[in-house]
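Some notes on the structure that comes next.
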Amino acid sequence: MSMIDNIKQLAHQYFDEVISFRRHIHQHPELSFEEHETSNYVCSILDKYAITYTKGIVKTGIVAIIEGKNPTKKTILLRADLDALPIEEKNNVEYKSQNAGIMHACGHDAHTASVLGTAIILNQLRRRI
């Protein structure tokens with residue numbers, strides 16, 4: 001299977017799970033440098049997929065590392081923000097913010113979920129990259 005076809009297959013396989021990541025993060029927003037639960041949630045996903053990481057970077061940050069077959073040759077960096085904004089959510093959806101006065105109105109919930117999905121896929125393909 002070509003790498004592109006493999007990536008597409010894995011993206012389809014993990015699509016619903018990535019949506020659930022986004023919705024969970026959206027429901028539990030936290031302000032900058034206070035994203036302790038969000039950080040723990042992200043680490044739990046990294047643990048589930050055996051992705052190595054270091055947590056506690058500038059309080060709540062995480063650095064995950066996925067080494068390919070030749071880790072000294074090239075590096076790919078992906079970055080996502082965890083924080084939300086001090087805004088009251090007025091949307092009426094099942095995954096509405098449960099934290100009064102705080103909302104992911106900035107898209108960081110989708111950004112974090114997308115990077116997690118990408119990390120899961122890259123980790124599965126690490127022997128090919």
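The values are calculated or read from the model by the stated rules, or taken from the named source; none is laboratory data. Everything quoted here is computed from the prediction, not taken from an experiment. Here the Cβ is made from the backbone with ideal geometry for all residues, glycine too, and neighbour counts use every protein chain on show.
Regarding segment 113-124, can at least one residue be identified that is in a loop (DSSP other than H, G, I, E, B), touching a residue at least 40 places away in the same chain (Cβ under 8 Å) and over 12 Å from the mean Cα position of the chain (by Cα)? Among the residues of segment 113-124, not one is in a loop (DSSP other than H, G, I, E, B), touching a residue at least 40 places away in the same chain (Cβ under 8 Å) and over 12 Å from the mean Cα position of the chain (by Cα), which makes the answer no. If you go through segment 1-45 and pick out every residue that is over 30 Å from Arg128 (Cβ atoms) and in contact (Cβ under 8 Å) with a residue 12 or more places away in the chain, you end up with 13. For segment 104-129, filtered to residues that are farther than 16 Å from Ser44 by Cβ and among the aliphatic types (A, V, I, L, M), the residue that is surrounded by the most Cβ atoms within 10 Å (Cβ to Cβ) is Ile121. What residue, among those in segment 1-36 that are in a helix (DSSP H, G or I) and of a type in the set (Ser, Thr, Tyr), is nearest to the chain's Cα centre (by Cα)? The selected residue is Ser20. Whenever a residue of segment 86-112 is touching a residue at least 12 places away in the same chain (Cβ under 8 Å) and of a type in the set (D, E, K, R), its partners that are surrounded by 14 or more Cβ atoms within 10 Å (Cβ to Cβ) and part of a loop (DSSP other than H, G, I, E, B), lying with C-beta atoms within less than 7 angstrom and at least six residues away or across chains, give the pairs Glu89/Ser97; Lys96/Glu89. Looking only at residues in segment 71-99 that are among the β-branched types (Val, Ile, Thr) and modelled with pLDDT of 90 or more, which one is nearest to Ile57 (Cα to Cα)? Ranking the qualifying residues of segment 71-99, first place goes to Ile87. Picking from residues in segment 54-70 that are among the charged types (D, E, K, R) and over 23 Å from Glu37 (Cα atoms), the one that is surrounded by the most Cβ atoms within 10 Å (Cβ to Cβ) is Glu67. Considered as a group, the residues in segment 29-53 that are polar (S, T, N, Q) and crowded, with 18+ Cβ neighbours inside 10 Å include one that is nearest to Arg126 (Cα to Cα), and that residue is Ser39.
Summed over segment 1-28, the residues that are loosely packed, with under 13 Cβ neighbours inside 10 Å and of a type in the set (A, V, I, L, M) give a count of 3.
Criterion first (in a strand (DSSP E or B) and in contact (Cβ under 8 Å) with a residue 24 or more places away in the chain) does Ala64 satisfy it? Spelling it out, Ala64 is indeed in a strand (DSSP E or B) and in contact (Cβ under 8 Å) with a residue 24 or more places away in the chain. Check segment 46-53 and report whether any residue there is touching a residue at least 40 places away in the same chain (Cβ under 8 Å) and touching a strand residue (DSSP E or B) at 6+ places or on another chain (Cβ under 9 Å). Yes, some residue in segment 46-53 is touching a residue at least 40 places away in the same chain (Cβ under 8 Å) and touching a strand residue (DSSP E or B) at 6+ places or on another chain (Cβ under 9 Å). Residues of segment 37-61 that are under 24 Å from Ile102 (Cβ atoms), in a strand (DSSP E or B) and out of contact with any helix residue (DSSP H, G or I) (no Cβ under 6 Å at 6 or more places or on another chain): Gly56, Ile57, Gly61.
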